[in-house]
Amino acid sequence: LALLAAAQAAGGTEVKRATQTDYDVIVIGGGFSGVTAARDCKKNNLRTLLLEAKSRLGGRTFDTQFRGHHIELGGTWVHWTQPAVWSEIERYGIEVEETPGATPDRVVVVDGAERSVFPSASRIDEIAAAMTSYFAESGLVWERPYDSQYRWKEIGQRDAMTAADRLQQIKLNSMQRGFLVSVLEAMAHCPIEQASYVEMLRWYALSLNSWATAVDALSRYKMRDGTGALARRIAADGGADIRLNAPVSRVEQRDGVVLVTARGEPAISARAVILALPPRVLKNIEFAPGLSETKIAASRSAYAACGIKVYAEVKGRLGKVEWASPSLPGAGLFFTYAELEQNTLLVGFLPRAGDVDGNDEASVQAMLRKFEPGVEVLGCTSYAWGSDPYALGTFTGFVPGGMSKYFMELARPEGQIFMAGGDVGDNSWRNFIDGAIARGARVAREVSEQLA
């Protein structure tokens, strides 16, 4: 009665929301972390709402059609060494298929004036030796790649190193260097001078410190019907309320209640909020009280600049090829995505988004002719993730020094705001679909336990 009287005196809404909120949990962000968190919260009998800014679920995964072919403009590959996503693949009976170029028959490596063309089997030992040499410390620094604290001292001692710094410590021939650098830049999605060495080591440790396993995990197996099919299955299974085209502009904590305002809508109240967003976008949301200075600093500068992912259909059947060149000549890493009846579909990663217009055939063709002089591009496409206001970039790891500065704080909840997302925490394969699912599930459990 006292609460009711206070509510009437204050206008009748604030205390009502404090005692009976619209939802128990609001999940902000409909990528894999968000749909997983929403599913699990709903299955734990919490009234759950998911708000997604885009017109679709999936976040930084994005499967679509290009010239009659199914492609993935965002995240793509999965593997059984990635336990969270593989569990979901098994749960929902998702079919998996192989990417031909992950096991190429022919390789072209361009490093400056040097151009090496060879059957992959003839020099695979050289490539494996280069990888083994570069990643020799992965088992020491990331002995437990799911637990950064286990070797935190070792991580800290190397955290300021760039991927390029490590390259100076080992001896390679021209072919080895050209191939290794292009692989590192594809992994980091930025030039090696901007990439974190310890982040590169983490990927390799998660691949069981094996180059063969890394190739399979990073580029071989993908979902036949696309990443969106799995995201939608997870969301539908949960049964949470979902609102698309609902970008959040303000999140306010008041007296144990969180008020969330999506653009053009009245505030919605909840007992807890799960932020399942790329950290880069946090700076564009108004929080009251504000998030920690470290989280906002991470949003502004914790992550390396992003490159670009490009698809190109080229004339003729090239077979299973892989083309590699460091970014300084203005190229990247390309391989066969699909072998078509008369043509070849290539997928490629360039660490500098400005090096090529991924939607301009002449621009892409000029770049690809560095590998194959007579290649003819019939069509090409890419997605400008860096210009997407709800992503502000693709997958990426921390900048050199970023682990020490930002890693712990990004995972720390603030009041009734909990931090999910594929870029946050010791959640399996961080920056991957697998890491997003693992983090969403973990945070959903934590929220459910607290609210229960």
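The values are calculated or read from the model by the stated rules, or taken from the named source; none is laboratory data. Since the model is a prediction, treat every value here as computed from it, not as a measurement. We place every Cβ from the backbone using ideal geometry, glycine too, and count neighbours over all the protein chains shown. Side chains are part of the model used for accessible areas, which takes the heavy atoms of the whole protein and leaves out ligands, DNA and RNA. Shrake-Rupley method; radii C 1.70, N 1.55, O 1.52, S 1.80 Å.
Name the shape class, rounded, prolate or oblate, that the alpha-carbon gyration tensor gives for the stretch 161-220, where a ≥ b ≥ c are the square roots of its eigenvalues, rounded holds for a/c under 1.5, and otherwise prolate holds if a/b is larger than b/c and oblate otherwise. Intermediate results must be reported in sequence, preceding the final value.
Details: a/c = 1.60, a/b = 1.31, b/c = 1.22.
Prolate is the answer for the stretch 161-220, as a/c is 1.5 or above and a/b outweighs b/c.
Across the stretch 439-451, rounded Karplus estimates of 3J(HN,Hα) from the backbone phi angles (6.51 cos²θ - 1.76 cosθ + 1.60, θ = phi - 60°) give 5, x, 5, 5, 5, 4, 5, 4, 5, 4, 5, 5, 6 Hz, Gly and Pro being marked x.
Across the stretch 110-146, the residues whose backbone nitrogen lies under 17 Å from the label position 7 Å along the beta-carbon direction of Glu154 are 132-146. Per-residue Karplus couplings for the stretch 313-322, computed as 6.51 cos²θ - 1.76 cosθ + 1.60 with θ equal to phi - 60°, are listed in order as 8, 10, 6, x, 9, 7, x, 8, 10, 9 Hz, Gly and Pro entered as x.
Between the stretch 315-342 and the stretch 277-312, the C-alpha centres lie 32 angstrom from each other.
Compared with the dominant Cα axis of the chain, that is its longest principal axis, helix 197-206 is turned about 90°.
If you average the alpha carbon positions of the stretch 218-263 and of the stretch 347-382, how far apart do those two centres end up, in angstrom? Using only Cα atoms, the two centres lie 33 Å from each other.
Normalised size of the stretch 145-245, defined as Cα radius of gyration per 2.2 N^0.38 Å with N residues, equals 1.43. For the stretch 23-107, the pair-distance distribution built from all alpha carbon pairs, in bins 10 Å wide starting at 0, is 14, 35, 33, 13, 4, 1 percent.
Counted over the stretch 368-419 with a bin width of 10 Å, the fraction of Cα pairs per bin, in whole percents, is 17, 23, 29, 15, 12, 4, 0. Were the residues from Ser404 through Ala362 laid out at 0.36 nm apart, the gain over their Cα-Cα distance would be 10.8 nm. Surface composition of the chain: carbon and sulfur make up 49 percent of the accessible area, probe 1.4 Å. Only aspartates and glutamates eight or more places from Lys295 in sequence, or on another chain, were considered; those with a Cα closer than 18 Å are Glu252, Glu286, Glu409, Glu414, Asp423, Asp426. Compute the angle between helix 32-43 and the longest alpha-carbon principal axis of the chain, please, reported from 0 to 90 degrees and rounded to the nearest 10. Rounded to the nearest ten degrees, it is 40.
R0 = 51 Å: FRET efficiency of Arg263 with Gln342, Cβ-based, nearest 0.05? Before the final figure, lay out the partial values.
Details: r = 47 Å, r/R0 = 0.92.
So the FRET efficiency works out to roughly 0.65.
Roughly how many Å is it from the Cα centre of the stretch 106-146 to that of the stretch 74-103, as a whole number? When both Cα centres are located, 23 Å separates them. For the pair Gln169 and Ser249, label points projected 7 Å from Cα toward Cβ lie 5.0 nm apart.
Model label points for Gln65 and Ser133, set 7 angstrom from Cα along the Cα-to-Cβ axis, are 4.9 nm apart. Highest-first packing order for the peptide set 271-283, 95-107, 118-130, 41-53 is 271-283, 41-53, 95-107, 118-130, based on the mean count of other beta carbon atoms within 10 Å.
Sort 222-234, 172-184 by packing, meaning the average of other beta carbons within 10 Å per residue, with the highest value first. Provide the component values of the computation, followed by the final result.
Numbers: 222-234: 20.2, 172-184: 22.4.
In descending order of packing, they fall as 172-184, 222-234.
Straight Cα distances below 22 angstrom link Lys320 to the lysines Lys222, Lys309, Lys370, with same-chain residues fewer than 8 positions distant left out. Residues of the stretch 167-184 falling in the label zone of Asp125, defined by backbone nitrogen less than 15 Å from a point 7 Å along Cα to beta-carbon, are absent. In this structure, the amide hydrogen of Val399, modeled 1.01 Å from its nitrogen in the peptide plane, lies closer than 5 angstrom to those of Tyr303, Ala304, counting only residues at least 5 positions away or on a different chain.
R0 = 35 Å: FRET efficiency of Arg412 with Glu95, Cβ-based, nearest 0.05?
Values: r = 39 Å, r/R0 = 1.11.
Calculated transfer efficiency: 0.35.
Near the amide H of Ser196, within less than 5 Å, lie the amide hydrogens of Ala163, all on another chain or at least 5 residues away, with H placed in the peptide plane.
Considering only alpha-carbon pairs that sit under 8 angstrom and 6 or more positions apart, the relative contact order computed for the chain is 25 percent. Protein heavy-atom accessible surface, 1.4 Å probe, per residue over the chain: 39 Å².
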